[in-house]
Structure formats: C-alpha cells, structure tokens
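The values are calculated or read from the model by the stated rules, or taken from the named source; none is laboratory data. Computed from a predicted model, the values in this text were never measured in an experiment. No Cβ is skipped: glycine too gets one built from the backbone with ideal geometry, and neighbour counts run over all protein chains shown.
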Amino acid sequence: MVAIDSKTLMKLYYLALVAVVIAGLAVHFMGAAPEAAEVPEMHGEEAAHEAAQEEGFWWLEIPLFAAGFAFVGGVILLALSKLGVYPLIKVSEDYYERHSIKKREEQEKEAGGEQ
Amino acid sequence: MVWIHPGFIYLFGCLLIPLLKGKIRQAYVILLPILALIDLALMALGVFGELPLETWRIPFLKYTLMLGHVDNLSLFFGFLFIIVSLAMFVYASHVKEEWQHVSAFLYIGSTLGVVFAGDLFTLLFFWEVMAWASLFLIWYRKTEAAWGAGFRYIMVHSFGGICLFAGVVLQLKATGSIAWGFSSLVDPATHGIELPGIMILIAFMINGAVPPLHAWLSDAYPEATVTGTVFLNAFTTKSAIYVLLRGFTGFEALMWLGAIMAVYGIIYALIVNDIRRVLAYHIISQGGYMVAGIGIGTGLAVGGAIAHALCYTMCKTLLFMSAGAVLAATGTAKMSDLGGLYKSMPKTFWMWMIGAASISGFPLFSVFVSKPLIIESAVFANQPWPWLLLEIASVGTFLCLAVKIPYLTFFERDTPKEIKAQDPPVNMMVGMGILAVLCIAVAVFPGPMYHMILPAVEGLASEIHTFEHYIANPYAPKIVVELSMFFLFAFPAFWWVLREPFTHREPKMALDLDWFYRISGQWFIWFCEKPVLSFAKFVDRLTLKIASYFVWFGRNPAEALRIKGLDLRIQLEKNLDVTSDYVRSYESGLEGARQRYPRELPRLSLGASLLLILLFLVVYVILYLAGY
C-alpha cells in the first residue's frame with residue numbers, strides 16, 4: 001500500500017506550481033513552436049488559415065492566462081453550482097415518493113381504514 | 001472469405017449463455033468479444049476486401065437492406081465498442097444471472113448493428129433493439145426505483161424511436177431512398193436541415209442525452225445493476241455520437257447545444273450525492289464536447305470528436321467500474337454514506353485516479369490527445385462563447401472527478417463503522433486494469449489512433465489540414481505546459497476556497513428536467529385512471545341500460561307501448577292533481593300489466609300482416625321519392 005503523507009504531497013504541489021509557472025513563462029516568451037520538420041508543409045489557403053489560427057483570441061496571448069482562468073473559472077463554477085444552483089434544486093431523496101399520487105391515496109385509504 | 005457481421009457474433013453467440021455454467025460460461029462471455037475483435041481486425045487488414053465494404057444485402061419489400069456498410073468511421077467505432085466490451089465482460093464475468101449477460105450481449109450486438117447499418121430500416125431496427133435490450137440491465141437491479149427508472153427510460157426511448165420512424169418515413173417519401181450514412185442530412189448550401197432531418201436529429205439527440213432531452217440518462221443509469229451501468233455508459237450515447245457524425249457534421253446548432261451540454265452536465269455532476277449519478281451527469285458533459293465538435297465541423301473538431309469517443313469512453317468506463325466496485329463492496333454509492341475508503345480499497349482508488357486523470361486530460365493520459373483538439377477547434381473557428389463553456393467544463397471535470405470525489409470518498413473522514421469494504425474480486429480488477437493500461441497507452445502512442453481517424457475525417461469534415469497539423473505534434477510544449485498549469489491552478493479553487501461547503505454531505509437529490517414528466521406523468525395517469533375511467537364506466541352503464549331496454553321492448557312492443565303509455569298517464573295525472581281514485585286504478589292496472597309482461601304476443605292474420613308490410617313499403621317508397 002502506498003503511504004500518502006499530506007505534507008509531502010503539498011510540498012510537491014508547490015514545487016510543481018513553481019516549475020509550471022516558470023515553464024509557462026518560458027514557453028510564452030521564447031515562443032516554443034513545434035519543430036518545423038514534424039509539421040506537414042502548408043501552402044496558400046492552408047498557410048493563411050494557419051496564420052489566422054496562430055492569432056487566436058487576444059486573451060490567450062496574456063502570459064499565464066491558463067493559470068488565472070483555471071483558478072477563477074474553478075471558483076466561479078464551484079460557487080455557482082454549490083452555492084447558487086444547489087440550494088434551489090435540492091430536495092429530500094424521497095421527494096418523488098412523497099409526491100406520488102398512488103402512495104398518497106394508499107396512505108389515505110389506510111388512514112380511513114384505521115379510523 | 002465470407003464477411004461476418006461482428007454484431008451477429010454477439011446477437012447469436014449469447015443464445016448459448018443460458019446453457020452454460022460456471023467457469024465455462026465465464027470463459028465464453030470473454031471469448032465472444034475476442035472473436036468479434038478478430039473479425040474486426042481481419043476487416044481492417046482487408047481480408048474481406050478493400051474499404052468501403054458494402055455487403056449483407058437483404059431484399060425487403062421493394063427495398064434492399066444493407067447490414068454491412070464498413071468504412072473507416074464504422075470500423076473505428078466498431079473497434080471502440082468491441083475493445084471496451086471485452087474489458088466490460090472480464091469485469092462482469094462473475095455475474096451469476098445469465099440473462100443479465102444475454103441482455104448485455106443483445107445490447108452491444110444491436111449497437112454494432114447500428115454502427116454497420118447501411119440503410120435507414122436497418123438503423124431503425126437495431127436502434128429499437130438497443131433500447132429494449134438495455135432496459136433489462138436496469139430492471140435486473142430488482143428494486144422499486146430501478147423498476148420506475150426503467151419504465152421512464154423505455155418511455156423516453158420509445159418516443160425517440162417514434163421520432164426516428166417518422167424521420168425515416170418522411171425521408172423515404174422525400175427522396176425515395178432508404179440509404180443511410182453515405183451523405184450528410186445537412187444541406188451544404190444553406191447549412192440547414194429539412195423536416196425528415198429534424199425528426200431524425202431529435203431521435204439522435206435523445207439517445208445522445210442532449211439537453212433538454214437528457215434527463216432519462218441521469219435518472220436511469222444510476223439505478224441499473226453494478227455491471228449494468230458499466231455497460232450502459234458506453235453504447236447508447238456513443239452510438240448517438242456516431243450517427244450524429246454520419247448525418248449532421250457541420251450543423252452549427254449542435255455546436256451551441258454541445259457547449260451548453262458540457263456546462264449543464266458538470267454543474268449537476270458537482271452537486272449530486274450518488275457517485276454513479278455524478279458519472280451519469282458527466283456523460284452528458286463529455287458528450288457535449290463531441291456534439292460541439294460535430295457542430296463546428298472542421299477537420300480538427302471532427303477528428304477531436306472521434307478521438308474523444310474512444311479516449312473518453314475508455315476512461316469513463318474505468319470510472320464506472322471503480323464506482324461499481326465501491327457500490328459492490330459497501331452497498332452504497334452515496335458520498336453522504338462514504339469516506340476513508342483508501343485504507344480498505346487502495347487498488348480501486350488508484351484505478352479511479354487513472355480514470356480521473358485520463359478524463360481530466362492530464363498529459364500522458366487518454367483525453368489529453370482528444371479533448372484539447374475540440375477546444376482548440378473552437379479557437380480556430382473563432383467561437384469565443386463555445387470555447388469559454390468548453391474550457392469551464394474542463395475545469396469542472398478535473399475538480400469534480402479528480403479532486404472532489406476521491407477526497408470525499410477515499411479520504412476526508414474515517415469509513416463509517418457499518419461499512420466493511422475491500423477491493424473487488426480479481427476479474428473486476430483485471431477488467432479495470434485492461435482499461436487503465438489502454439488509457440495510458442493510447443495517450444503515449446496516439447499515432448495509430450490518429451491514423452485510423454484521418455481517413456474518416458477526410459470523408460466528413462472541412463479543413464482537414466487543421467487536424468493533420470495538430471496530430472503532427474500533439475505534445476507541443478505549449479499544450480503540455482498550459483494544460484499542466486490549468487490543473488495545478490484549478491486545484492486551489494476547491495482546496496483553499498470552496499472545499500468546506502462540499503464537505504457538508506447531505507443525503508439530498510437534485511431536481512432536473514425529468515421533474516416535468518415525472519410529476520405531470522403521474523397526474524396524467526391519475527386523469528386516465530379517475531375522471532376518464534369514471535366517464536367510461538358511466539357510458540358503459542348507459543349503453544347496457546339502453547340495450548336492455550330495447551331487449552325488454554322487443555319482447556312485446558305493443559304491450560310495452562301500453563305500459564309506457566300508462567306510466568306516462570299516471571305521471572301526468574299526478575302532476576295535474578287528478579283525484580287519487582283514478583290514479584290508483586291506473587296504478588293497479590300498470591302493476592298488473594308489468595307483472596304479466598311480456599304476455600303472449602298478439603297474433604295477426606296473414607292478411608293483416610301483409611297489409612302492415614304493404615303499409616311500410618308505401619311509406620318507404622314515399623320517403624324515397626320525396627328525396628329523404
């Protein structure tokens with residue numbers, strides 16, 4: 001069995017965080033493009049299309065955008081689902097049983113019989 | 001060499017299962033998928049001829065059915081379904097109920113029937129078999145909840161079947177052809193679809209669980225048996241993706257529906273309590289990526305959707321298997337009842353984590369080589385909103401399946417005392433192991449998968465070079481670093497910011513759109529059983545009363561008229577306050593007449609009878625001549 005030490009794990013996590021930020025900045029500013037030899041050669045329309053693709057959305061050009069997006073997006077999504085949507089739609093597990101017309105009628109019959 | 005339909009290996013092979021027992025049956029249920037896999041490999045090697053193969057033509061009425069239409073796309077999906085089913089049958093081989101195996105084989109066999117269908121009638125037939133065969137995997141749970149969920153499941157799928165049937169008939173009327181799968185139903189000029197296409201699309205959307213037609217999935221799948229849910233997760237929705245690819249690639253509405261689907265599914269997955277329901281909602285979310293890819297319609301998007309069907313199905317099945325192992329070991333899959341299972345089920349935990357890492361799209365795990373293609377295609381197609389929704393759903397997938405569920409299920413607190421859990425038996429572990437290895441292998445060596453997909457993409461999508469360009473270097477440093485950053489920075493959103501609300505484990509359920517038909521359906525049944533049935537009974541009684549009156553009247557019409565006349569006279573005289581002596585004498589006369597009724601019928605002489613007949617004839621002739 002693999003022993004999981006939470007402190008060690010967190011240390012590893014922080015290390016990974018630092019490493020990935022450095023790598024992200026390096027990739028962004030050094031423009032790590034794929035090796036030309038591995039990519040199929042493109043001409044005319046394809047090349048023009050490729051150029052357009054390279055631009056993408058402007059916000060994707062912001063350094064470490066993925067990091068910020070993931071954190072903020074995660075917080076918004078979790079908050080929206082757990083604190084926004086969930087309280088509006090949560091019901092007890094026997095909700096449909098309690099709202100069953102047949103069951104209600106059976107209960108009424110039983111109650112009538114007892115009386 | 002004669003081509004054999006791989007679906008028929010399942011459909012007819014399963015007939016022997018009830019006759020086999022013990023280890024022989026266990027070996028047999030694993031042997032059948034292996035035979036089908038060999039059959040498919042021979043097809044891929046060209047033993048039966050060059051692709052596309054068009055075979056098994058059967059005359060039907062004035063049409064020709066084609067059961068074997070094999071091209072690159074159907075071959076790829078055939079491989080996907082058979083490989084996954086092999087792991088599933090290893091996982092489920094211990095199941096003692098032979099008819100559960102038979103249902104699973106019929107279900108998968110009919111799915112393969114859909115995949116290789118070359119005409120609309122064949123598609124419709126296997127589509128229906130698929131729905132009915134899968135129903136028994138739900139009902140075999142033998143609980144009241146499973147019974148209800150199965151009933152609703154088949155109701156929804158029957159509606160889908162009706163839509164498909166209507167679409168097939170309309171298509172046949174419009175084109176005079178039953179051909180299917182050779183060209184898109186989307187008009188290339190207008191990018192729109194006609195009425196037959198709309199009906200067929202609705203049927204496909206129901207099986208694909210596209211909101212608002214999705215609620216059957218999250219309702220029924222968690223109620224199926226442990227192994228039944230594992231089977232169910234892979235075939236119905238993925239065969240819907242396959243037919244959407246065939247018929248509706250490039251239909252833009254699907255891009256929007258897919259993007260909404262991705263977020264809708266993940267919001268529910270984050271809040272529901274039952275792990276198998278979480279995974280069911282997550283099927284909707286991940287289906288959204290493929291539907292969006294089909295809608296975008298470029299080479300990159302379509303290639304990504306096809307690749308995602310394989311990569312995602314493998315890891316989702318692995319997750320369902322792990323959840324099934326938890327359910328089998330503990331008797332529950334509700335997070336409100338679980339916790340601390342890592343100590344007793346460490347192997348299951350690691351299997352779950354491989355599945356979760358794969359479905360999140362960690363580098364070197366399966367979905368890394370599929371989902372980013374679809375998200376990237378939204379960028380290339382300049383669609384910021386679909387891109388945003390797909391990216392957000394990606395964050396949610398990671399937080400839900402790789403962080404929240406493992407934390408709440410395997411750690412966070414000690415296992416409740418009443419739960420005595422341990423890792424599942426060997427066959428279940430082997431089934432999971434096969435998929436875990438495949439999840440990693442397909443990501444480490446994506447080349448063969450991409451090269452199988454490329455010819456299929458060429459036949460379906462525009463801008464093929466976008467796909468070719470991407471697959472040349474799927475592990476570009478930019479992609480690897482960005483995705484790693486993505487996961488590492490999403491983690492604190494749960495761990496540091498919003499972990500606390502999620503640790504409040506409530507045994508609650510979340511209402512979904514099935515509320516509308518579950519509640520209104522009850523009222524509809526009540527309406528049928530109460531007011532409508534009461535009215536029907538009233539009409540029934542009235543009809544019987546009238547009929548018996550006519551019988552009574554027919555025994556002696558003359559006497560009956562006299563009795564009714566007397567009756568009327570008494571009523572009138574009572575109302576006119578005529579002296580009671582008169583009334584009393586009439587009443588006694590009426591009483592006597594009723595007692596004597598019907599008496600002997602008055603006999604008429606032959607002449608009088610003829611006269612009566614003549615009279616009737618004259619009246620009839622007069623009426624006829626008068627023009628009545």
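Some points to look at:
- Residue B:482 being out of contact with any Leu (no Cβ under 7 Å at 6 or more places or on another chain), facing chain A (nearest Cβ under 7 Å) and of a type outside the set (A, V, I, L, M, F, W, C): yes
- Residue list for the range A:84-115, filter: assigned to a helix (DSSP H, G or I) and polar (S, T, N, Q): A:107
- Scope the range B:34-64; condition modelled with pLDDT of 95 or more and under 20 Å from residue B:106 (Cα atoms); matching residues: B:34, B:35, B:36, B:37, B:38, B:39, B:40
- Tabulated pairs, the range B:248-268, first more than 14 Å from every other protein chain (Cβ to nearest Cβ) and over 14 Å from residue A:80 (Cβ atoms), second assigned to a loop (DSSP other than H, G, I, E, B) and at pLDDT below 95, C-beta under 6 angstrom, 6+ apart or interchain: B:248/B:186; B:249/B:184; B:249/B:297; B:250/B:186; B:250/B:297; B:251/B:186; B:261/B:211
- Scanning the range B:118-141 for residues that are within 13 Å of residue B:8 (Cβ to Cβ) and of a type in the set (A, V, I, L, M) yields a count of 1.
- Filter pass, residue B:526 being under 60 Å from the mean Cα position of the chain (by Cα), more than 30 Å from residue B:149 (Cα to Cα) and surrounded by 11 or more Cβ atoms within 10 Å (Cβ to Cβ): no
- Qualifying residue in the range A:1-16 (condition: within 7 Å of chain B (Cβ to nearest Cβ), at pLDDT 60 or above and over 14 Å from residue B:486 (Cα atoms)): no
- Criterion: out of contact with any strand residue (DSSP E or B) (no Cβ under 9 Å at 6 or more places or on another chain), closer than 20 Å to residue B:293 by Cα and surrounded by fewer than 24 Cβ atoms within 10 Å (Cβ to Cβ) - qualifying residue of B:195, B:170, B:201, B:213: B:213
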